[in-house]
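Participant: Can you keep this structure in mind? I'll have questions shortly.
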Ligand SMILES: Cc1ncc(COP(=O)(O)O)c(C=O)c1O
């Protein structure tokens, strides 16, 4: 085993080490889809006139393969990631990759790089498919050529495996998305547009920026790379809410999984708007007992502090609450095959040479 691999398996961090290979899929208006073969990881030379550099046709996904109790590996909800990638492509006027091509590329890469998958609960192989417009052309139109590269990285959750609480500051002057825009798409531009406000939040001592809606600047939307949930307590007990998907937030697959698991566990949950003032006031009064953020990269992390417009409030005692911990545990157990996969979320990664039959290595 190489030193890098040993180190990566021992302490992967979040995508600090890339695996040796990628899968590359191309699309061309004349020839359609091609490729899908494993290639050595390496730099790509691109024409500086490639449309992606000028007009930003760039979309991506992020999904994970998890080690299972029998030593095999399984991808978590790859068909849903394929569907979302197609939806992002549609919004950016890019060609939609067939879902089976997407899932096969992920499975082939995970199978080929199986020895890079760490084994502890919460660890995974993170797969990052990225699709770019590669046609050299300066006229403003959709590209006639795209390249999708699937990258893989052994990974801990991006905020670490101890899931320490993060703090968030709601953005007052900048917005991430408006209805009818690209907020729901996982397109590179959304992330570029979020960096300035995130940098300001970090400079003020917070971990992340919390985005509000672009019209009233009042309703909580999401973080730059994660959805959010609130846990409220009233006389009837606890109740979870998460902002609804109205075209401005990414339809998180973790978010959807947690909505489902919460219902399975008998926790009342609703997709409904929360005003930032209610969150801040709820934290002060004690009605908001927990808040957490969720996404493929982070899994589920508690939010211990929320700030807006000069008010900074601790949520609960600032630590992780029992609902957050319970939901994360349930999710991680399903992902690792320790809890029954009642919703058919896991797709086994082919072992025993099946990969070799579907993939040609160059
Ligand atoms: C802006 C944004 N919101 C939410 C999410 C969470 O989505 P998922 O749970 O599918 O990773 C992501 C990550 O993909 C994201 O980039």
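Bear in mind these aren't lab numbers, they're just calculated from the coordinates by the rules spelled out. Note that this is a predicted model, so its numbers are computed, not measured. Counting neighbours? That spans all protein chains shown, and the Cβs are built from the backbone with ideal geometry, glycine included.
Participant: Once every DSSP H run of n ≥ 4 in the chain is given -39500 (n - 2.57) and the sum is divided by its residues, what mean residue ellipticity at 222 nm do you get, rounded to the nearest 500 deg cm²/dmol?
Facilitator: Dividing the helical sum by the residues of the chain leaves -8000 deg cm²/dmol.
Participant: So for each of 39-50, 65-76 I average, over its residues, the number of other beta carbons within 10 Å; can you give me the resulting order with the highest mean first?
Facilitator: The most tightly packed comes first, giving 65-76, 39-50.
Participant: Just to verify a number: FRET efficiency for residue 3 and residue 173, C-beta to C-beta distance, R0 = 35 Å, to 0.05?
Facilitator: It comes to 0.15.
Participant: Let me have the relative contact order for the stretch 175-236, percent, based on Cα pairs under 8 Å that are six or more residues apart.
Facilitator: Details: 57 pairs, mean separation 17.8, N = 62.
Once normalised by length, the contact order is 29 percent.
Participant: Binning at 10 Å from 0, report for the stretch 1-124 what percent of all alpha-carbon pair distances ends up in each bin.
Facilitator: 11, 36, 35, 15, 2
Participant: So how do 308-320, 208-220 stack up, highest first, on mean other-Cβ count within 10 Å? Each step should come with its number before you reach the end.
Facilitator: Working: 308-320: 15.8, 208-220: 19.8.
Result, highest mean Cβ count within 10 Å first: 208-220, 308-320.
Participant: Tell me, in nm to one decimal, what length is gained between residue 338 and residue 138 on full extension, where the rule is 0.36 nm per residue of separation less the Cα-Cα distance? Could you put the intermediate results ahead of the total?
Facilitator: Values: separation 200, 0.36 × 200 = 72.00 nm, distance 5.19 nm.
Stretched fully, the residue 338-residue 138 segment lengthens by 66.8 nm.
Participant: Can you bin the chain into rounded, prolate or oblate? Criterion: square roots of the alpha carbon gyration tensor eigenvalues sorted a ≥ b ≥ c, rounded for a/c under 1.5, prolate for a/b above b/c, oblate for the rest.
Facilitator: Working: a/c = 1.96, a/b = 1.34, b/c = 1.46.
Oblate shape, in that a/c is at least 1.5 and b/c is the bigger or equal ratio.
Participant: For helix 188-203, report the angle its Cα long axis makes with the longest principal axis of the Cα atoms of the chain; keep it between 0 and 90° and round to the nearest 10°.
Facilitator: It works out to around 40 degrees.
Participant: Contact order normalised by length for the chain, with contacts defined as Cα pairs under 8 Å and 6 or more residues apart; what percent is it? Could the numbers behind the result be given before it?
Facilitator: Numbers: 776 pairs, mean separation 71.9, N = 362.
Result for the chain is 20 percent.
Participant: If you don't mind, there's one more thing I want to ask. So what's the gap between the Cα centers of the stretch 301-316 and the stretch 1-28, to the nearest angstrom?
Facilitator: 36
Participant: If I fit a long axis through the Cα atoms of helix 99-112 and take the longest principal axis of the Cα atoms of the chain, what angle between them do I get, 0 to 90°, rounded to 10?
Facilitator: Approximately 80 degrees, to the nearest ten.
Participant: While we're looking at this one, here's another question. Arranged from highest to lowest average of other beta-carbon atoms within 10 Å per residue, in what order do the peptides 196-205, 225-234 appear?
Facilitator: The densest-packed peptide leads the list: 225-234, 196-205.
Participant: Contour minus end-to-end for residue 43 and residue 265, with contour as 0.36 nm per residue of separation and end-to-end as the Cα-Cα distance? Intermediate values should be presented prior to the final figure.
Facilitator: Numbers: separation 222, 0.36 × 222 = 79.92 nm, distance 4.63 nm.
Between residue 43 and residue 265, full extension yields an extra 75.3 nm.
Participant: Give, in nm to one decimal, the length gained when the segment between residue 285 and residue 30 is fully stretched (0.36 nm per residue of separation minus the Cα-Cα distance).
Facilitator: Between residue 285 and residue 30, full extension yields 85.6 nm more.
Participant: Taking the Cα atoms only, what angle lies between the long axis of helix 276-285 and the longest principal axis of the chain, rounded to 10 degrees?
Facilitator: Between the helix axis and the principal axis of the chain, the angle is about 50 degrees.
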